[in-house]
Structures are given as structure tokens and as C-alpha cells.
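The values are calculated or read from the model by the stated rules, or taken from the named source; none is laboratory data. All of these numbers come straight from a predicted model, not from anything done at the bench. Every residue, glycine among them, receives a Cβ derived from its backbone with ideal geometry; neighbour counts consider all protein chains shown. Protein only, heavy atoms only, side chains kept; ligands, DNA and RNA dropped before computing areas. Shrake-Rupley method; radii C 1.70, N 1.55, O 1.52, S 1.80 Å.
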Amino acid sequence: MEQFVAPRPAESPEVFRTLVGSRLYGNDHANSDFDIFVVTTSRLERETHDMTDEGDFTHRGIDLFLRRVRHGHPMSCEAAFSPVKEFTADGDAWRPLIEGLRVTSPSAMERYERKIREFCVGGYKERFHATRLSFNLEDLRLHGRFDPVMSDRQKDIAHSLASMKGYSLIRKLIPDDTTVLPDNLIRTLERKQ
């Protein structure tokens with residue numbers, strides 16, 4: 001008896017591809033790499049990463065992609081809501097579903113809040129991204145989706161707030177945050193910056 005082996009995501013027909021990362025947000029510079037997110041028809045619950053001369057490719061099968069969007073994984077949400085995604089002929093059947101996606105679950109909002117808290121105690125780049133994610137979270141709460149491309153005003157605010165550190169930034173970005181961190185943990189996290 002022959003055994004069927006499902007193709008890896010990178011070996012399956014594409015549904016769509018989009019830029020992600022700094023080139024999508026609009027915060028790229030001359031040395032920024034090209035991060036390309038590709039959703040394929042693969043039904044495997046896995047993803048592949050490949051670095052080529054053209055860029056850093058993440059290939060994710062459609063089932064895993066949809067589950068991660070529903071659960072509020074930032075990169076999957078950014079790809080789903082990207083205004084520059086390009087559907088293939090094989091992917092056109094998926095377009096109405098993907099274009100109609102909304103993220104509204106409390107667990108997805110909590111995931112964004114956790115990621116914001118995590119980034120608030122990182123370096124300047126992470127604190128910038130904490131602010132960017134807070135803009136995304138605000139739009140998710142209002143509309144169930146967001147535009148991952150940052151406006152000039154959002155970039156200015158993110159650069160300004162990235163000078164704040166740790167718990168003071170968390171309080172600014174998540175005003176109703178009820179997380180209580182012990183003072184010694186806050187000092188330890190802020191020293192690591």
C-alpha cells in the first residue's frame with residue numbers, strides 16, 4: 001500500500017503573497033530585508049522559512065494561517081489585512097473569505113496585549129513595535145481588522161513613545177492594564193534594556 005505524503009507549504013500552490021515587516025509598515029530603511037509572507041493551499045499545520053536572494057520567505061498553509069489569524073497572531077493578521085497582498089489564480093477562490101476576515105475574540109485581544117507588554121521591556125525597536133501593535137489593537141477592537149501600513153503620524157508617535165521604557169510604556173499603551181508586576185521584576189526587565 002502506498003502512503004500519501006502531503007506537500008510542504010512551500011511546495012503547494014500559492015493562495016496569495018504579501019510583504020510583511022518594515023517594508024509593509026513603511027518603517028524600512030536602505031538595509032531593511034524583504035520579508036515575504038506566502039499562504040499556500042497546503043493543509044499541513046506547519047510553515048517553512050526560506051532565505052533567498054529575493055528575500056526572507058515564510059510559507060504557511062491555509063488552515064494554519066486561518067487559525068492564527070482567528071487567534072490574533074500579529075504576523076498572520078498583518079498578512080490577512082495587507083493592502084498589497086497579491087492573490088494567484090489558484091487563490092481567487094479564497095479571496096472572499098480572506099478579505100472578509102475579522103478578528104474579534106477576547107483571546108486575540110489578549111494575545112496582542114501580551115505581545116505589547118513583552119515589547120515594552122525590549123530595546124528601542126521593540127518599543128516602537130509595541131506602539132505599532134497598540135494601534136493595530138485599537139483598530140481590531142473597533143473594526144475587527146486594521147491597516148498594517150503606518151501613517152506618518154503613527155510613525156512619529158511610535159518613535160516618540162519608544163523613548164519610554166517598561167511599565168510606564170505599558171500603562172501608556174494599555175491604559176486599562178491590570179497586570180501587576182513586582183517592582184523587582186520591573187527593575188530587572190528595564191535593566192536588560
Name the residue that is most open to solvent (accessible area, probe 1.4 Å), counting only residues in segment 58-77 that are touching a Ser or Thr at 6+ places or on another chain (Cβ under 8 Å) and within 22 Å of Ser22 (Cβ to Cβ).
Met75
Residue within segment 36-50 that is at pLDDT below 95, out of contact with any strand residue (DSSP E or B) (no Cβ under 8 Å at 6 or more places or on another chain) and either among the small types (Gly, Ala, Ser) or farther than 28 Å from Glu126 by Cα (or both) present
no
Which residue pairs have Cβ atoms closer than 7 Å, lie 6 or more positions apart in sequence or on different chains, and pair a first residue in segment 124-143 that is under 20 Å from Tyr167 (Cβ atoms) with a second residue that is modelled with pLDDT of 95 or more and not in a helix (DSSP H, G or I)?
Arg132/Met150
Residues that are aliphatic (A, V, I, L, M) and at pLDDT 95 or above: which helices (runs of 4 or more DSSP H) entirely in segment 107-183 hold 3 or more of them?
124-143
Filter segment 8-57 down to the residues that are of a type in the set (A, V, I, L, M) and free of Cβ contacts under 8 Å to residues at least 12 places away in the same chain, then identify the one that is least open to solvent (accessible area, probe 1.4 Å).
Ala30
Which one is farthest from Pro148 (Cα to Cα) among residues in segment 59-98 that are acidic (Asp, Glu) and either in a strand (DSSP E or B) or in contact with a helix residue (DSSP H, G or I) (Cβ under 9 Å, 6 or more places away or on another chain) (or both)?
Glu86
